[in-house]
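Read the structure below first, then the notes.
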Amino acid sequence: MNSIWVFEEVNLFNLLCPHKFKTYAACHTFDDYKKTDYIYFEDDAANKVYLIEKGKVKIGYYNEDGSEVVKSILSKGDLFGEKAILGEEKRDEFAQSIDNTTSICPVSVDTMHELMRDNKTFGLRIYKFIGFKFKKLERRLQLLLFKDSKTRLIEFLDELCEDYGYNCEKTGDHVIRHPYTQKDMASLIGTSRPTINILLNELKEENYLNFNGKEIRILKRVASC
């Protein structure tokens, strides 16, 4: 699984954005979004893929009772809406800006297919990205099916440490400054918000971590990332 994290650390925007290709640079544009603006809704036509130049985007869907389920929160360099490349005609999720300065590079599916056909390296990068993303989803499904809530939370914290963590030189702790609410975290690991709060407090009592708002500190003696 380490290869997935290595690939995710690559800025896909720098690798894949069409403005890097002379043929498409002249007609290439960026779209700006404020916080809570939607890039697309469920059931919208799936005729574009999107690269994030800056800001953050939430991907999710709504249950039959109207409750929101967050699948992921993406940031600079990430690609989303990629199922359109594989033939998806309508979106089965929404994409929403959660930052006031989000800038998106929209790429039509036709343009993406042309780039993939004319540039083998580009096409290989796209297929690798999709493959790695499916592997990560498979891993998350395995966690949901075979691990208890506490284990799922701990492994999710390991992911957050990879994506948003840094080492505090003063204490040796690993500090995670992440974009998720407890409700978001609950959706991502398949549990409830009250359960997340209980588990975080249990881990705090066990001296595994401290947390305050959107900062989680994995204590030095048990840090795993």
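Every read-out reported here was derived from the displayed coordinates using simple, explicitly stated rules and does not represent laboratory data. Predicted model only: the values in this text are computed from it and were never measured. Using ideal geometry, Cβ is built from the backbone for each residue, glycine included, and neighbour counts are taken over all protein chains shown.
Only loop residues by DSSP count here, and only those with at most 13 other Cβ atoms within 10 Å; note down the GluC sites (Glu not before Pro) in segment 60-93 that meet that.
For GluC sites (Glu not before Pro) across segment 60-93 that sit outside H, G, I, E and B with at most 13 neighbouring Cβ atoms in 10 Å, the list reads Glu64, Glu89.
If the cut-off is 19 Å between C-alpha atoms, which lysines fall inside it for Lys35, apart from same-chain ones fewer than 8 positions away?
Lys35 reaches Lys54, Lys56, Lys58, Lys71, Lys76, Lys183, Lys214.
Can you pull the Kirkwood radius for segment 78-225, inverse mean 1/r over Cα pairs, to one decimal in Å?
For segment 78-225, the Kirkwood estimate is 17.9 Å.
Rounded, prolate or oblate for segment 119-172? Axes are the square roots of the Cα gyration tensor eigenvalues, ordered a ≥ b ≥ c, and the cut-off for rounded is a/c under 1.5. Walk me through the numbers before you get to the answer.
On the way: a/c = 6.68, a/b = 1.36, b/c = 4.91.
Cα axes put segment 119-172 in the oblate bin.
Give me the percent of Cα-Cα pairs in segment 147-222 that sit more than 14 Å apart, rounded to a whole number.
58
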